[in-house]
Amino acid sequence: MSEVRIVHSAELDQHTAQTPGMQRRAAIDRNSVGSEKLWVGLVTVGPATSTGAHHHGDCDSVVCITEGSITIRWGIRLEKRAEARPGDFIYIPAQVVHQEINESDTMPVSSIVVRSGDNVVENVATSEQVADMERGR
């Protein structure tokens with residue numbers, strides 16, 4: 001049976017796929033409301049934190065920044081970058097490896113994230129990180 005469901009803030013689930021440096025809390029997903037086509041949640045990146053490089057499999061993602069300012073990096077060696085502030089939306093196509101960076105020493109970055117499917121998270125080593133590991137860094 002289909003019906004409207006409200007997921008209260010106290011019901012958000014942190015037992016979802018994670019990436020080092022950020023905290024994801026699921027609001028709308030298969031477990032909470034039975035959604036098979038959407039994952040929606042709140043994501044926080046702490047002050048002075050860089051997340052690990054990752055992608056979201058075959059899911060497109062949209063991020064709406066609600067607090068703070070985030071730098072996002074992407075590209076073969078994460079060489080491309082852009083900054084987003086409150087009210088800005090970021091579109092991340094499926095399979096695109098990216099990284100979020102909170103350059104503030106004091107303020108966390110909060111966002112609402114929507115994915116076109118489950119919360120798929122593939123944490124990866126970038127070619128830059130692999131080269132550093134080979135050099136013994």
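Every number in this text was worked out from the coordinates using simple rules, so none of it is lab data. These figures come from a predicted structure and were not determined experimentally. All Cβ positions, glycine included, derive from the backbone under ideal geometry; neighbour counts span all protein chains shown.
Amide H neighbours of CYS59 under 5 Å, at least 5 residues apart or on other chains, H built in the peptide plane: list them.
GLN95
Could you rank the peptides 6-18, 23-35 by their average count of other C-beta atoms within 10 Å per residue, with the highest value first?
23-35, 6-18
Normalised by the residues of the chain, what does the relative contact order come to in percent, with Cα pairs under 8 Å and at least six apart?
Relative CO of the chain lands at 29 percent.
Given a Förster distance of 22 angstrom, what is the FRET efficiency for GLU36 paired with SER110, based on the Cβ-Cβ distance and rounded to 0.05?
Calculated value: 0.25.
Note the full-extension length gain between SER69 and ALA48 as 0.36 nm times their separation in residues minus their Cα-Cα distance, in nm to one decimal.
Between SER69 and ALA48, full extension yields an extra 6.4 nm.
Towards the positive end of the charge dipole of the chain, with charges on Cβ (+1 Lys, Arg; -1 Asp, Glu), say which of VAL45, LEU78, SER116 has the farthest Cα.
Toward the positive end, the furthest listed residue is LEU78.
Suppose every K and R has +1 on its Cβ and every D and E has -1 on its Cβ; what is the size of the dipole of the chain about the Cα centre, in Debye to the nearest 20?
About 100 debye.
What's the extension gain from ILE76 to ARG25 if we count 0.36 nm per residue and subtract their Cα-Cα distance?
Gain in length upon complete extension: 15.5 nm.
So what are the ³J(HN,Hα) numbers for the stretch 3-9, from phi and the Karplus equation (6.51, -1.76, 1.60; θ = phi - 60°), rounded to whole Hz, Gly and Pro as x?
Per residue, the Karplus-derived 3J(HN,Hα) values read 7, 5, 9, 9, 9, 6, 4 Hz.
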